[in-house]
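A.B. asks: To start, I am sharing the structure in question, which I have written as structure tokens.
The values are calculated or read from the model by the stated rules, or taken from the named source; none is laboratory data. Being a predicted model, the structure only gives us computed values, none of them experimental. Heads up, the Cβs are rebuilt from the backbone with ideal geometry, glycines too, and the neighbour counts pull from every protein chain shown. Areas reflect the complete protein model, heavy atoms only, side chains present, ligands, DNA and RNA absent. Shrake-Rupley method; radii C 1.70, N 1.55, O 1.52, S 1.80 Å.
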Amino acid sequence: MKQLDWDDLRLVLFIAQEGTLRGAAKKAGLSAATLSRRLDELEEAVGQKIVERFQGGCVPTAFGAEIFALAGQMGEIALEVERTRDQQDAHTASGLVRINTDEWLSYFLTTRFARFHDAYPNVEVEIVTSHRPYSLARREADIAVRPYRPEQLDLVARHLGTLSFGLYCSRAVATRHADALARQDWATLPFVGFDEPRAEFQSDRWLRALPGAPAPWMRCSYGLGILDGVAHGAGLGVLATFLAGEGQDLVAAMPRIPELDQEIWLSMHRSLRNSARIRAVVDFVGQVFDEYRQTGA
């Protein structure tokens with residue numbers, strides 16, 4: 001039997017967890033074609049089929065079920081090793097890490113980063129918020145968290161999850177316009193959106209295309225302005241769904257707008273992969289997105 005690549009067993013674990021090659025590829029940060037090729041190579045190396053592939057997903061063979069179980073055990077061991085490493089890094093990691101991201105993701109991170117300081121007291125974090133991506137190649141930032149996967153060859157990327165959006169209003173607006181909201185009679189409702197220079201944003205295009213809806217009477221140059229307006233009764237606006245659990249007392253007119261979903265990627269220059277402070281931040285960001293995916297909060 002050919003020499004096994006242990007990283008291929010990690011891909012087997014993703015296939016077991018996701019049930020499809022496409023889902024496993026997304027989790028691994030690979031294309032479906034690349035993951036399929038890697039699976040072919042692993043099956044050739046072990047001399048047996050690991051999964052039967054169907055249009056709707058993958059089903060393990062009897063041999064594959066044993067491999068899945070072993071890969072799961074390896075995953076648990078790897079997590080334990082990482083926890084031990086992280087405990088050590090908490091005492092050794094130090095320095096500044098700059099994260100560049102957009103407005104909603106900046107809010108998402110800053111409201112969840114407090115406990116990072118307890119684990120890594122010597123690491124300083126700057127979250128640089130901008131619509132314009134900073135250059136990681138020119139070291140304008142160390143890490144980027146953005147709604148797309150970078151294509152530069154000198155960057156490494158990690159898929160974090162999906163950021164969803166919905167149409168929200170305050171409880172007072174929901175009570176005052178209960179009948180119109182129930183009928184989705186958008187023509188009689190007030191709206192809050194972006195100003196004209198930002199009207200090309202996908203969320204604002206969706207809002208302005210809502211059947212019968214008037215143009216937003218209150219317009220803001222930044223997303224948190226929309227949040228403030230909506231939360232204080234100015235009207236309905238498109239907000240990231242995680243805000244519903246942030247104590248803003250928001251009411252969902254549409255809990256989720258699927259066409260506005262954003263796939264979120266973390267990227268960094270490959271030369272920083274072995275930096276203790278960078279690894280600490282990357283792992284923590286991955287952890288908070290895992291928690292969001294599991295709990296929605």
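A.B. asks: List the longest stretch of the chain that has no exposed loop site; here a site is one of the trypsin sites (Lys or Arg not before Pro) assigned by DSSP to anything other than H, G, I, E or B, with at most 10 other Cβ within 10 Å.
C.D. replies: Answer - 139-297.
A.B. asks: Let me ask something additional. Determine by what factor the alpha-carbon radius of gyration of the chain differs from 2.2 N^0.38 Å, reporting the quotient.
C.D. replies: So the chain has a normalised radius of gyration of 1.17.
A.B. asks: Compute, for Phe165, the solvent-accessible surface of its heavy atoms (probe 1.4 Å) with the complete set of protein chains present, and express it in square angstrom to the nearest 10.
C.D. replies: 10 Å²
A.B. asks: Which part of segment 272-297 falls in the paramagnetic zone of Thr162, meaning amide N under 17 Å from the point 7 Å along Cα-to-beta-carbon?
C.D. replies: Those under the cut-off are 289-297.
A.B. asks: Under the rule of -39500 (n - 2.57) per DSSP H run of 4 or more residues, summed and divided by the residues of the chain, what mean residue ellipticity at 222 nm is obtained, to the nearest 500 deg cm²/dmol?
C.D. replies: Rounded to the nearest 500, the figure is -13500 deg cm²/dmol.
A.B. asks: Against the longest alpha carbon principal axis of the chain, how many degrees, from 0 to 90 and to the nearest 10, is the axis of helix 6-18 turned?
C.D. replies: The two axes meet at around 40 degrees.
A.B. asks: Would you calculate the separation in nanometres between label points at Ala65 and Ser221, each defined as 7 Å from the Cα along the Cα-to-beta-carbon direction?
C.D. replies: Between Ala65 and Ser221, the simple spin-label model gives 6.3 nm.
A.B. asks: Among DSSP beta bridges lying fully in the chain, give the percent that are antiparallel, nearest 5.
C.D. replies: 65 percent
A.B. asks: Taking a quarter of the surface of the convex hull around the Cα atoms of segment 150-204, what do you get in nm²?
C.D. replies: 6.6 nm²
A.B. asks: Quick check: pseudo-label points 7 Å beyond the Cα along Cα→Cβ at Ala182 and Thr92, how many nm apart are they?
C.D. replies: If labels sit at Ala182 and Thr92, their model points lie 6.4 nm apart.
A.B. asks: State the extension gain, in nm to one decimal, for the chain segment bounded by Gln202 and Glu291, taking 0.36 nm per residue of separation less the distance between their alpha-carbons.
C.D. replies: On the way: separation 89, 0.36 × 89 = 32.04 nm, distance 2.62 nm.
Difference between extended and current length: 29.4 nm.
A.B. asks: Next question, about the same structure. At what distance in nm do the modelled label points of Ala32 and Arg138 sit from each other, each positioned 7 Å from its Cα along Cα→Cβ?
C.D. replies: 3.8 nm
A.B. asks: Please get the size of the charge dipole for the chain, origin at its Cα centre, with Cβ charges of +1 on Lys and Arg and -1 on Asp and Glu, quoted in debye to the nearest 20.
C.D. replies: Dipole about the Cα centre, nearest 20: 340 debye.
A.B. asks: Residues with amide H under 5 Å of Met218's amide H, sequence separation 5 or more or different chain, H placed in the peptide plane at 1.01 Å from N; which?
C.D. replies: Hits under the 5 Å cutoff: Phe191, Gly193.
A.B. asks: Once amide H atoms are built 1.01 Å from N in the peptide plane, which residues 5 or more positions from Arg98, or in another chain, come under 5 Å H to H?
C.D. replies: Glu126, Asp142, Ile143
A.B. asks: Which residues make up the longest stretch of the chain that has no GluC sites (Glu not before Pro) in a DSSP loop with at most 12 other Cβ atoms within 10 Å?
C.D. replies: Free of exposed loop sites, the longest segment is 1-150.
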